[in-house]
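The values are calculated or read from the model by the stated rules, or taken from the named source; none is laboratory data. These numbers come from a predicted model, not from an experiment. FYI the Cβ positions are ideal-geometry reconstructions off the backbone, even for glycines, and counts take in every protein chain you see.
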Amino acid sequence: MGWQASFEQLEQEFAEIERQLSDPVVISDANRLRELSVRHSQLQPALELYHEYQKTMAEVEDAELLLTEADDDDMRQFLETEKAEAEARIDELREQLIVALLPPDPADNKNAIVEIRAGTGGDEAALFAGDLFDMYNYLAQRRGWKVESLSQNPSEMGGFKEIIFAVEGAGVYGVLKHESGVHRVQRVPATESQGRLHTSAATVAVLPEAKEIDVKLDNNDLKVEVFRAGGPGGQHMQKNETAVRVTHLPTDISVTCSDQRSQHQNRERALRLLRARLYEREQQRQQQQIAAERRQQVRSGDRSEKIRTYNFPQDRLTDHRIGLTLHNLPALMSGELDELIEELRQQELQQRLEELGTS
């Protein structure tokens, strides 16, 4: 079988890595040592699983051999039970092993930049955008992540017309990436005097935060403008002109940050957001290329598609991509999203397995 040959190759790679990790030349090279150590830690659990699979296969073979020799009914029944349990375990292990062969998404361990924008629904959409921000903030608190606001455009009635924030921690992007899309809410707004049900929406975009080593920005490709935080003004520097707009000329991608009092801080935040958008643009280009080569559609993360509905009168959340409906909206809006996150992760694994089967 093809996947077994893959594990034999991984065993050879693992043995070579262990040899290099004891090499004084490698030990003296901090970067090389770190790179090999990371790969070693990635391979070890998968290979331990493979060795358990081999051991269980051997147990089945032993039971089959003993069954041909057994002449006692109780012994035969015992061996049949042992063989059936081992075969069931083999099926579980085989599935886990195939999943282990999937190459990790290099962006999953990155921090994330999240953009939430109010959509249709006016003031109620802005309030809902604020609720979504609170939901992700609560999730971050539960997981020990750090949230940092990069840009805000509050609504007069509360919530946000737009809010952009960074989330830092272990595996942040891998968890939040499935949140990209249109989120729809159905509820009676606080501003509604007649108790009518309204439907509003907000758009969420989740970008992997790119570091300088991921996206190198040439100053010659950047147009930097400064203006008063209250709105774009003239191009001449003044003390109160702290807002910054950075435009990447080759792609015409433009970002603006004005939350901080320091022009330098706003510039640094604008560059963080610009790197994230350029990194995502390159990732999408690569995904489109892979899809064309395999003649099938890979996950597009199309943000124009409605992905989820929050129905408050019926106390339910429905994720339309996986057909999952959950109840207890107050808990979900307080960041208790583990069940939803796990179901979305399993769907992603299934999609990637299907892609692996066609490659």
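Some observations on this one:
- Residue tally, condition assigned to a helix (DSSP H, G or I) and either surrounded by 13 or more Cβ atoms within 10 Å (Cβ to Cβ) or not assigned by TED's automatic domain parsing to the domain that holds residue 198 (or both), over the stretch 332-344: 6
- Identity of the residue in the stretch 130-163, of a type in the set (A, V, I, L, M) and in contact with a Ser or Thr (Cβ under 8 Å, 6 or more places away or on another chain), that ends up farthest from residue 202 (Cα to Cα): 157
- Only listed residue being at pLDDT below 85, closer than 20 Å to residue 184 by Cα and outside any helix (DSSP H, G or I), chosen from 299, 261, 303, 321: 303
- Subset of the stretch 132-168 [in contact with a Cys (Cβ under 9 Å, 6 or more places away or on another chain) and within 16 Å of residue 119 (Cβ to Cβ)]: 164
- Residue 127 in the same structural domain as residue 175 (by TED's automatic domain parsing), surrounded by 21 or more Cβ atoms within 10 Å (Cβ to Cβ) and under 22 Å from the mean Cα position of the chain (by Cα): no
- Qualifying positions in the stretch 112-146 - in contact (Cβ under 8 Å) with a residue 40 or more places away in the chain and in a strand (DSSP E or B): 112, 113, 114, 115, 116, 117, 118
- Only one entry of 181, 159, 171 meets the criterion of being at pLDDT below 95 and surrounded by fewer than 19 Cβ atoms within 10 Å (Cβ to Cβ), and that entry is 171.
- Identification of helices (runs of 4 or more DSSP H) wholly contained in the stretch 20-101 with 2 or more residues that are touching a Lys or Arg at 6+ places or on another chain (Cβ under 8 Å) yields 30-69.
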